[in-house]
Amino acid sequence: MATDFTVRAARPVDAGRLAELRWMFKQEDHEGRPLTPARPLEGAERGIRDRLSDGHRLAWVAETGREICGHVFLCLVERMPDPYEDSALL
């Protein structure tokens, strides 16, 4: 396990590697069974790039040796209406 890493904000250009990591993560759920993905990796890459570009999702990546080795995504959501003025995005 790498102990020398940096964390930075994810950028749309990171979408390809993030899609690969997502597919690897989901494949762990199917251990021992043959894999036939129902969706192509390119579609995931495009979707991640769009989501990183729209401003409603925040993401950070961990890098070691200039290679992305981990990530975290946050999705901003609207609060339910309430009688006060603090109904901003969470």
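Ranked from largest, the principal axis spans of the Cα set of the chain equal 52, 34, 22 Å.
The modelled label-to-label distance for the pair Arg79/Asp29, using points 7 Å beyond Cα in the direction of Cβ, is 3.2 nm. Ligands, DNA and RNA left out, the 1.4 Å accessible surface of the chain is 55% carbon and sulfur atoms.
Dipole magnitude for the chain: about 300 debye, using +1 per Lys or Arg Cβ and -1 per Asp or Glu Cβ, origin at the Cα centre. The length gained by stretching the chain between Asp54 and Val7 to full extension, at 0.36 nm per residue less their Cα-Cα distance, is 14.8 nm. The order of the peptides 47-58, 62-73 by mean Cβ neighbours within 10 Å, most packed first, is 47-58, 62-73.
Angle of helix 15-28 to the longest C-alpha principal axis of the chain, folded into 0 to 90 degrees and rounded to 10: 70°.
The values are calculated or read from the model by the stated rules, or taken from the named source; none is laboratory data. As the structure is a computational prediction, the values presented were derived from the model and not from experiment. All Cβ positions, glycine included, derive from the backbone under ideal geometry; neighbour counts span all protein chains shown. These accessible areas exclude ligands, DNA and RNA; they are computed on the full protein's heavy atoms, side chains included. Shrake-Rupley method; radii C 1.70, N 1.55, O 1.52, S 1.80 Å.
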